Amino acid sequence: MDTAANNQSAAKADGNDTTLIYRQSRWTRLTHWIWAFSLFFMLLSGLQIFNARPQLYIGKQSGFEFHNTILEIGAENTANGPRGFTQIFGHRFDTTGVLGWSGPPGQETQRAFPSWATIPSYYDLGTARVVHFFFAWVLSATLLIWLIAGLINGHVRRDLAPRLSDLRKLPRDIVDHAKLKFHHTREYNTLQKMAYGGVLFVLLPLMIITGLAMSPSMDSVLPWLNEILGGRQTARTIHFTIMLLLVGFFIIHILMILAAGPINELRSIITGWYRTDPPAEHDQPTERSV
């Protein structure tokens with residue numbers, strides 16, 4: 001819908017309140033929730049898959065005879081009993097109760113991520129893979145359709161691509177966000193465009209590509225993919241890193257929604273209607289102009 005049509009529809013729907021606009025189309029709202037649900041199930045099933053081999057490596061080889069481990073989550077016996085640990089680039093941290101060794105008191109077990117953070121909660125690699133791959137294909141197909149549609153209807157160029165004027169506003173946007181000062185307009189601000197663009201055009205495609213690179217069945221279809229990424233183990237590490245970045249994005253996204261006004265933000269992504277800031281006094285029509 002065009003902005004003018006949105007404003008006219010909003011005015012009709014809410015009397016003379018022209019601050020209520022139709023900001024998110026049905027397609028945008030639908031894909032948003034499909035991606036959200038898909039990523040949720042992919043995250044928890046992915047952690048279950050990671051539990052089967054809770055180490056990350058750089059390079060094409062892995063095993064005891066190699067020294068390319070950058071992350072390991074496990075448990076070890078100590079004088080005080082079993083303790084969980086997380087080792088990152090050779091630095092070891094005690095993470096008992098959360099990572100490596102967790103569970104109800106007296107029923108702790110060795111597992112990288114605790115049962116409450118995985119799908120299924122019990123160890124079942126086969127089910128986790130089925131869930132993970134199903135939602136991975138749902139997300140991939142939806143993202144591809146969204147990208148094609150967004151290029152055709154101009155949504156990508158109009159609403160997501162940062163312009164030169166947006167880049168000039170970037171310092172001010174950073175300061176405003178640091179002060180929790182938000183401007184409610186139809187257009188995304190510069191930080192939003194950069195964040196959404198980074199997720200939609202960098203993180204999600206790279207996550208899909210690394211996921212394909214880890215699949216042995218794809219070696220015959222795309223034999224060069226593993227070589228580009230530096231091997232299956234490196235692809236797995238990149239895949240895991242993207243997961244952490246997406247979790248970080250989600251946390252910041254939720255915090256910004258709460259700070260900017262959760263009712264207005266949720267109404268926008270559920271119904272499409274969004275309340276903008278009232279026009280400045282110099283923008284409001286006078287009796288003479290009317």
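The values are calculated or read from the model by the stated rules, or taken from the named source; none is laboratory data. The model shown is predicted, which means the values in this text are computed figures rather than measured ones. Cβ coordinates were reconstructed from backbone atoms using ideal geometry, including for glycine residues, and neighbour counts include every protein chain displayed. Ligands, DNA and RNA are excluded from the accessible area calculation, which covers all protein heavy atoms including side chains. Shrake-Rupley method; radii C 1.70, N 1.55, O 1.52, S 1.80 Å.
In the range 151-172, what residues are within 24 Å of P205 (Cβ to Cβ), open to solvent by 100 Å² or more (accessible area, probe 1.4 Å) and in a helix (DSSP H, G or I)?
Listed by number, the residues that qualify are L151, I152, R157.
What is the number of the single condition among (1) open to solvent by less than 30 Å² (accessible area, probe 1.4 Å); (2) farther than 22 Å from F249 by Cα; (3) of a type in the set (S, T, Y) that S140 does not meet?
Failing condition for S140: (2).
Residues that are aliphatic (A, V, I, L, M), open to solvent by less than 40 Å² (accessible area, probe 1.4 Å) and over 19 Å from L43 (Cβ atoms): list the helices (runs of 4 or more DSSP H) wholly contained in the range 173-236 that include at least 2 such residues.
Correct list: 223-229.
Between residues in the range 45-72 that are under 19 Å from A213 (Cα atoms) and at pLDDT 90 or above and residues that are of a type in the set (D, E, K, R) and open to solvent by 30 Å² or more (accessible area, probe 1.4 Å), which pairs lie under 6 Å by C-beta distance while being six or more apart or on different chains?
Within 6 Å, the pairs are Q55/E72.
I'm trying to understand the selection: among the residues of the range 117-133, which are over 20 Å from E72 (Cα atoms) and in a helix (DSSP H, G or I)?
The answer is G126, T127, A128, R129, V130, V131, H132, F133.
Which condition does Q192 not pass, out of (1) over 18 Å from the mean Cα position of the chain (by Cα); (2) polar (S, T, N, Q); (3) closer than 27 Å to E265 by Cβ, if it passes all the others?
If we test Q192 against (1) over 18 Å from the mean Cα position of the chain (by Cα); (2) polar (S, T, N, Q); (3) closer than 27 Å to E265 by Cβ, just (1) comes out false.
Please go through the range 111-164 and pick out each residue that is closer than 18 Å to A195 by Cβ and of a type outside the set (A, V, I, L, M).
W146, G150, H155, R157, R158, D159, P162, R163
Please tell me if G97 is surrounded by fewer than 16 Cβ atoms within 10 Å (Cβ to Cβ), out of contact with any helix residue (DSSP H, G or I) (no Cβ under 7 Å at 6 or more places or on another chain) and within 23 Å of W33 (Cα to Cα).
no
I148 fails exactly one of the following numbered conditions: (1) modelled with pLDDT under 95; (2) in a helix (DSSP H, G or I); (3) surrounded by 13 or more Cβ atoms within 10 Å (Cβ to Cβ). What is the number of that condition?
The failed condition is (3).
Enumerate the pairs (first residue in the range 139-159 and closer than 22 Å to F41 by Cα; second residue anywhere and aromatic (F, W, Y)) with beta-carbon separation below 8 Å, excluding pairs fewer than 6 apart on the same chain, so at least 6 apart or on different chains.
L139/W35; T142/W35; L143/W35; W146/W27
Quick check: anything in the range 241-251 of a type in the set (S, T, N, Q) and either open to solvent by less than 50 Å² (accessible area, probe 1.4 Å) or at pLDDT below 95 (or both)?
Looking for residues that are of a type in the set (S, T, N, Q) and either open to solvent by less than 50 Å² (accessible area, probe 1.4 Å) or at pLDDT below 95 (or both), one finds none in the range 241-251, hence no.
Against the definition (outside any loop (DSSP other than H, G, I, E, B) and under 16 Å from F37 (Cβ atoms)), how does A136 come out, yes or no?
yes
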